[in-house]
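Contents: one structure, followed by commentary.
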């Protein structure tokens, strides 16, 4: 019984590092339906500040990260915005 507990306790000690990692999220653009591309492209540009060509390349080469290492709230907001435009998005 005691031996089984140890790895859990060890994992607990390492938690601060994991918690730090978890404050940063990536917003991944998974899928862009052809008929929604313009709307999604517009949102990607607003979110990233990319130029038209760069944003277009990103939208056309899914899955691609749109935002990386951002806070959970910001990631969720970006996801909602892109999903509203018709994209399939995941937050990792």
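The values are calculated or read from the model by the stated rules, or taken from the named source; none is laboratory data. Since the structure is predicted, the reported quantities are computational estimates derived from the model, not experimental observations. We place every Cβ from the backbone using ideal geometry, glycine too, and count neighbours over all the protein chains shown.
Of all residues in the range 30-39 being touching a residue at least 24 places away in the same chain (Cβ under 8 Å) and out of contact with any helix residue (DSSP H, G or I) (no Cβ under 6 Å at 6 or more places or on another chain), which is surrounded by the fewest Cβ atoms within 10 Å (Cβ to Cβ)?
35
Quick check on this structure: which one of 55, 84, 74 is modelled with pLDDT of 95 or more and crowded, with 20+ Cβ neighbours inside 10 Å?
Exactly one of 55, 84, 74 is modelled with pLDDT of 95 or more and crowded, with 20+ Cβ neighbours inside 10 Å, namely 55.
Confirm whether residue 23 is modelled with pLDDT under 95 and either in contact with a strand residue (DSSP E or B) (Cβ under 7 Å, 6 or more places away or on another chain) or assigned to a loop (DSSP other than H, G, I, E, B) (or both).
The answer is yes for residue 23.
Just the residues that are under 16 Å from residue 89 (Cα atoms) and under 12 Å from the mean Cα position of the chain (by Cα), please, taken from the range 19-46.
If the condition is that a residue be under 16 Å from residue 89 (Cα atoms) and under 12 Å from the mean Cα position of the chain (by Cα), then 25, 26, 27, 28, 29, 30 are the ones that fit.
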